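Note sheet for the following structure.
The values are calculated or read from the model by the stated rules, or taken from the named source; none is laboratory data. Not measured: the values here are computed from a predicted model. Because the Cβ atoms are built from the backbone with ideal geometry, glycine has one as well, and the counts that use them run over all protein chains shown. What goes into the accessible areas is simple: the full protein's heavy atoms, side chains included, and nothing from ligands, DNA or RNA. Shrake-Rupley method; radii C 1.70, N 1.55, O 1.52, S 1.80 Å.
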Amino acid sequence: MQEGNILTERKDSVLIVTLNRPKFMNALNLETLKEGRQILTEVYFDPEIRAVIITGAGEKAFCAGADLKEREKMSEVAVRHYIKTIRETLIDIENLSKPVICAVNGAALGGGTELAMASDIRIAAPNATFGLTEVTLGIIPAGGGTQRLPRLVGIGKAKELILTGRRISAEEALSIGLINKIAPEGKLLDVSLEMALSIAKNAPFAVQQAKFAINHGYEIDIYSGLALESKAYDVCIPTKDRVEALKAFKEKRKPVFKGE
Ligand code: COA
């Protein structure tokens, strides 16, 4: 367990990353973003970690977005530096070599919703709320919010939510496709861990290449996407895990994937 603005804990091959500023509703100050990027760099190359869960400490908030108390003291240049850092940190999450599940344990506002959207899968507690509130603060979502929300929920709903800055419940988030599921009360981490482990048992190269093909293929025309998919498949062909899966099928047993 690593202590600081961010806690990390291993459960089998899953790394649980917890934003740990509950007094500030887990708001993201610059220091937290820097710690996060350092952790992401280590996780990217760690073969022992096969999936990541991101959650927040405390009952109330997952993440209240940018630290507005810190922001008040920032110069214009410092604000630009912050925005660049959050944008790049969320891209690091989106492009992480492992799947990332966001376990949204309460309010996810501004950068909190953007962090959730940069993750691969979103699971929410029943009390979770979401919102891109930036225009109510004289700014716009700039941790990818104006780009990722339309891709997830469609351009019309994204415009409604971003231009009003309205906060929505977990149920509404589920109904518009912003999140994957709502966990029963008190079961958020169990449900998230169950999904993370069901991904982590699969062949790591295959999971990584599937995520790569979806992420990058989604942004281009279908024939370029299919070409990219073919190249991502090529990466899996020489792996020992692929051969192991065929052997296990023949022997009527579960495959043991080593990420080789
Ligand atoms: N940055 C820094 N501190 C924050 C914060 C943020 N984004 N959001 C909340 N806090 C702090 C509050 O200032 C308060 O500190 P205090 O006790 O020193 O006054 C503490 O966290 C608790 O917040 P409070 O508003 O009293 O709790 P709540 O349960 O009534 O509401 C939220 C929680 C998250 C719903 C509410 O604080 C909120 O809406 N925050 C702003 C979120 C937002 O719009 N973020 C977008 C930033 S771009």
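Ignoring ligands and nucleic acids, what accessible area does R167 show with a 1.4 Å probe (Å², nearest 10)?
Number for this one is 150 Å².
Over the chain, with a Gaussian network built from C-alpha contacts below 10 Å, which listed residue (S230, S97, S192) shows the highest mean-square fluctuation?
Looking only at S230, S97, S192, the largest GNM fluctuation is found for S230.
Let me see the P(r) profile for the stretch 6-200: every Cα-Cα distance counted, bins of 10 Å, each bin given as a percent of all pairs.
Pairs per bin, as whole percents: 10, 40, 38, 12, 1.
By how many nm would the segment from K258 to E72 grow when fully extended, if each residue of separation counts as 0.36 nm and the alpha-carbon distance is taken off?
62.1 nm
Over the Cα atoms of the stretch 204-250, what is the Rg over Rh ratio if Rh follows Kirkwood?
Value, to two decimals: 1.08.
Skip the ligands, DNA and RNA, and give the accessible area per residue of the chain with a 1.4 Å probe, whole Å².
So the chain comes to 53 Å² accessible per residue, rounded to a whole number.
Using a Gaussian network model of the chain with C-alpha springs under 10 Å, which one of M25, M74, M195 is most mobile by mean-square fluctuation?
M74
What percentages, rounded to whole numbers, describe P(r) for the stretch 157-247 computed over all alpha carbon pairs with 10 Å bin width beginning at zero?
Result returned by the calculation: 13, 26, 30, 24, 6, 1.
Between exposed chymotrypsin sites (Phe, Trp or Tyr not before Pro) in the chain, where DSSP calls loop and at most 16 other Cβ atoms lie within 10 Å, what's the longest gap?
By the stated rule (loop sites, at most 16 other Cβ atoms within 10 Å), 46-217.
Residues in the stretch 139-177, backbone N under 14 Å from the label point at I214 (7 Å along the Cα-to-beta-carbon vector): list them, ranges by number please.
Counting backbone N atoms under 14 Å from the label point, the list is 152.
If I stretch the segment between E244 and E88 completely, what's the gain in nm (0.36 nm per residue apart, minus their alpha carbon distance), one decimal?
This chain segment gains 52.5 nm when fully extended.
For K157 and N127, calculate 0.36 nm times their separation in residues minus their Cα-Cα distance, and state this gained length in nm to one decimal.
Extending this stretch completely gives an extra 8.6 nm.
How high is the relative contact order of the chain, given as a whole-number percent (alpha carbon pairs under 8 Å, six or more residues apart)?
Answer for the chain is 15 percent.
Going by a ≥ b ≥ c, the root eigenvalues of the Cα gyration tensor, does the stretch 1-77 fall in the rounded group (a/c under 1.5), the prolate group (a/b larger than b/c) or the oblate group?
Oblate is the answer for the stretch 1-77, as a/c is 1.5 or above yet b/c matches or exceeds a/b.
Of the candidates I222, I53, I91, which one comes out as most mobile in a Gaussian network treatment of the chain with C-alpha springs shorter than 10 Å?
Taking springs between Cα atoms under 10 Å, the residue moving most is I222.
Within the stretch 9-95, report the GluC sites (Glu not before Pro) that DSSP leaves as loop and that have at most 14 other Cβ atoms within 10 Å.
The qualifying sites are E48, E59.
Assuming a ≥ b ≥ c are the square roots of the Cα gyration tensor eigenvalues, decide whether the stretch 132-191 counts as rounded (a/c under 1.5), prolate (otherwise, with a/b larger than b/c) or oblate.
prolate
What number, rounded to the nearest 500 deg cm²/dmol, is the helix-based mean residue ellipticity at 222 nm of the chain, given -39500 (n - 2.57) per DSSP H run of at least four residues and division by all its residues?
Per the formula, -14500 deg cm²/dmol.
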